[in-house]
Every structure is written in C-alpha cells, then in structure tokens.
Amino acid sequence: MAGRPTSPLGDEIVARIHRLAAISEAADNLTRIFLTGEHRAAADLIMNWMVEAGMSARLDAIGNVCGRYEGEHPGLPCLMLGSHYDTVRDAGKWDGPLGLITAISCVAELNRRGRRLPFAIEVIGFADEEGVRFASTLLGSRAVAGTFDERVLSTRDAAGISMREALVQFGLDPDHIGAAARVRDELLGYVEVHIEQGPVLEARNLAVGVVSAIAGATRLAARLTGMAGHAGTVPMALRRDALAGAAECISLIEQLCREDDGGLLGTVGYIQAAPGATNVIPGQAHFTIDMRAPTDERRNRSVAEMVRRIEAVAKRRNLELQLDVTHENRTVPCAPWLKTQLAEAVAAEGYSAFELPSGAGHDGMAMVDVTDVAMLFVRCRGGISHHPDEHVEASDADAGARVLLRLIENFRARQP
C-alpha cells in the first residue's frame, strides 16, 4: 500500500488522528461515546483545530462541532464537509475522524495561502453517527437536516440516563435542537471523506474511490418459540427446538444472499437461546437480521423473500414466529454532478476515478434530506473497520486530502 511520499498535509492529518485517538474512556482501547466527558474533550480539541485553521467554531444544540470559513464576503452559501467524531466501543482511529480532520486540514491550507472562495466552507463533526449509547444512529446529521425525531430524547442508556438528561449534563439545551437545522438554500452540497471499511480499493491497488451510493439497510428482530425439554428424554422427531430452527433460518439467509449477484448482504450478528442450559432443549431463540443492497427495490424484494422462507421454517418445525422491523434506511445515491467533480479531482491527482458503493451507513444518509451529497473513500488496510487494527497509510490519507482540496478549489455550484 505504499504510495508517493506524503506532503505536509498528510503528515498533519496522521498526527491529529493519533492525538484525537488518545481521548478515550479506556486506556487500553479507543471508546468515545456520545455526550460523555471524552466526547466533550474531543469536541474542545476539534474546535481548537478549527480556530487554528482560520474558522469560527461552535457547538450546536445536539453537540455537533461546527466550523465556518467565510468566502469572499460573509454570509455566502457553503460547501459542507466533515464526518463524525464519536466511535464504537474498542474502535479504530480512522472511522469518522479521517473525514473531519482532512476537511480541517484542507481549510487550514487555504487559510495559509490567504485564499477565499466564492462560497463559504463549513466543516462539521457530527456528534453521534454510531448510535452506541442510545441505539439511535445519525442523531447529529438528522438534527442538521431538520429530521431529528424528538421522541428519542426519552430513550435511556444502559445506566438509565435519558438522552434529554445527558444533553443537559453536557451543557446543551434539548429544547433547542431544532436550532441546529439548516435550510437548503444555505448549503451547496455535502462531501465526506471516509475510510472504505471494505477491501475493494486495496484489491484494486487504488488509494481512493468515488462512492456511487450509500446502501439502504433493513434490520429485523426475530423470535422463535418452541418447547423446552430434557435433552435426554424428548425424541428428535417430537422436538420443537427453537435454536435449531434459528440455525436453519440463519443458513437460509446466507444462502439467499449467496444466490444473489447484485450485491445483497445479509448478517445475523446476535443470537440468544433460552433457557440456555447444556442439557435443555432451547424453547426460545432470539436473533437479529441486517439486510443491505445497492437499491431499495432489490433490498425490499429480498427481505420479503427472506421473511417467506423463515415463515416456512417456523411452520414446518411447529414454532411460533415473531418478526419485527427495528430499523430501515433507504438507499442514498450520490449526486451525479458532485460525483463528476470528485472524479475530476481524483483524475487530476493522477489516480483512476473508480466508482464503488458503500455498504456501510454514513451521515450522508441523513444529509440528503437537505442537500446533495457525495463521498470519497480512502483505502484502509485489509478492509478492517470498527476494530483496533483499522489503519490507513499516511500516503493514502494524503491522497484523500489532496483530492478533497482540489475539489474545493475547483468546486462549481449546481446550476438551477
């Protein structure tokens, strides 16, 4: 993954990635959760970097860090850049912070040159994209997009603290979250640099790639109920084994996705059996399902087929089935006019303008409700993400920064 030598821009990004990663609730791993003390310390550091880069900086009502670099005169519409600064538990350093820090470094470079543009630049660090604390993702970007659902303020974390209470403890006013919302006329577009979180760019020996779309996702919670019984006395033919039924369902989900040649992905990431004893036939099994595809039509059709197959398994095994949709996000295509400009910047920096979809969710899924969106992926080692081994080579971080800076300097607003 070695590339051309890094510029000072790339070196600065890498140094700041490591410095931000030092802010964690645990000494032996990186964990930075929404509305915690570590979250506040990170916000303060990011705002300092924004000010050093020539921006004004503030926290909005949900805890997003917002920086603004004025254009040729104050008050112009802005090109918005950024990513999130919260993490999953035991996280990698690059998911989220790469896009935020890269954007700050690009603005700092413009400021060093004394260059102002015919539009403003706003850099935003979204406060909660991962949804770890309150199990509700994209909170920061939904607030900016004006789609924040205030009902989530009553949700509670594992310690019983409500989101409303946590916001107050953080020094924010939950009754003014609506003030974080932007209107379409203020924004020219939203562009995010992000690690790929997959192996495609590495397999093609490419430092960067232009994202075509952010895949939609449907998540379901399944519960199969049978009959618990003694492992040594109930004949196999008479059993109503909920865990065995769940195992068959999971195999069918994998088979359905392997049969598909259009990018369908299915994951069962959690399973629990009850009563959970070695010598007891499981009478109940709970499991989760995550289904993703590049288009909503394909995903919806596949989810319907998956449900049909699971229902057939439950009926044949004499199991009761409860299946609930817990999360649904539509597919978000990246705006063609923004993709074109990104591809031009990639090519101008000497790279192949390769397009690929994002299977992971991003803040652009919320931002599309208020402006056009685009994304630039940066190669990550082994495609590993949400893990301490997550890594980006300095030369690739530099490539992403140079592409973003070129995009900014040559940006053309969409014509009405």
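The values are calculated or read from the model by the stated rules, or taken from the named source; none is laboratory data. Note that the coordinates shown come from a computational prediction; the quantities given were computed from them, not determined experimentally. Note that each Cβ is placed from the backbone with ideal geometry, even for glycine, and that neighbours are counted across all protein chains shown. These accessible areas exclude ligands, DNA and RNA; they are computed on the full protein's heavy atoms, side chains included. Shrake-Rupley method; radii C 1.70, N 1.55, O 1.52, S 1.80 Å.
Among the residues of the range 361-401, the one identified as open to solvent by less than 40 Å² (accessible area, probe 1.4 Å) and basic (Lys, Arg) is 379. Look through the range 329-349, keep the residues that are open to solvent by 60 Å² or more (accessible area, probe 1.4 Å) and at pLDDT below 95, and return whichever of them is nearest to residue 128 (Cα to Cα). Only one residue tops the list, namely 330. Please go through the range 122-143 and pick out each residue that is open to solvent by 10 Å² or more (accessible area, probe 1.4 Å) and either among the aromatic types (Phe, Trp, Tyr) or in a helix (DSSP H, G or I) (or both). Of everything in the range 122-143, those that are open to solvent by 10 Å² or more (accessible area, probe 1.4 Å) and either among the aromatic types (Phe, Trp, Tyr) or in a helix (DSSP H, G or I) (or both) turn out to be 134, 142. Taking the numbered list (1) at positive phi; (2) touching a strand residue (DSSP E or B) at 6+ places or on another chain (Cβ under 8 Å) in turn, residue 362 passes all entries but (1).
Strands (runs of 3 or more DSSP E) wholly in the range 161-243 with at least 3 residues that are open to solvent by less than 40 Å² (accessible area, probe 1.4 Å), of a type in the set (Val, Ile, Thr) and closer than 29 Å to residue 346 by Cα - which ones? Of the strands (runs of 3 or more DSSP E) lying wholly inside the range 161-243, those with at least 3 residues that are open to solvent by less than 40 Å² (accessible area, probe 1.4 Å), of a type in the set (Val, Ile, Thr) and closer than 29 Å to residue 346 by Cα span 187-195, 208-214. Residues in the range 79-89 that are modelled with pLDDT under 95 and either more than 12 Å from the chain's Cα centre (by Cα) or of a type in the set (Phe, Trp, Tyr) (or both): 89 only. A count restricted to the range 266-296 and to residues that are in a loop (DSSP other than H, G, I, E, B) and touching a His at 6+ places or on another chain (Cβ under 9 Å) stands at 2.
Can you confirm whether residue 119 is surrounded by 16 or more Cβ atoms within 10 Å (Cβ to Cβ), among the aromatic types (Phe, Trp, Tyr) and modelled with pLDDT of 95 or more? When the stated conditions are applied, residue 119 passes them. Among residues of the range 247-265 being out of contact with any helix residue (DSSP H, G or I) (no Cβ under 7 Å at 6 or more places or on another chain) and not in a loop (DSSP other than H, G, I, E, B), the one that is least open to solvent (accessible area, probe 1.4 Å) is 257.
In the range 342-362, is there at least one residue being part of a helix (DSSP H, G or I), touching a residue at least 24 places away in the same chain (Cβ under 8 Å) and under 24 Å from residue 267 (Cα atoms)? The answer is no; no qualifying residue exists.
Among the residues of the range 176-191, is there at least one that is under 23 Å from the mean Cα position of the chain (by Cα) and at positive phi?
yes
All of (1) part of a loop (DSSP other than H, G, I, E, B); (2) in contact with a strand residue (DSSP E or B) (Cβ under 6 Å, 6 or more places away or on another chain) hold for residue 370 with one exception: (2).
Residue 7 falls short on exactly one of the conditions (1) of a type in the set (Gly, Ala, Ser); (2) over 24 Å from residue 386 (Cβ atoms); (3) at pLDDT 95 or above, and that condition is (3).
Scan the range 206-245 for residues that are free of Cβ contacts under 8 Å to residues at least 60 places away in the same chain and of a type outside the set (A, V, I, L, M) and jot them down.
229, 230, 232, 233, 235, 239
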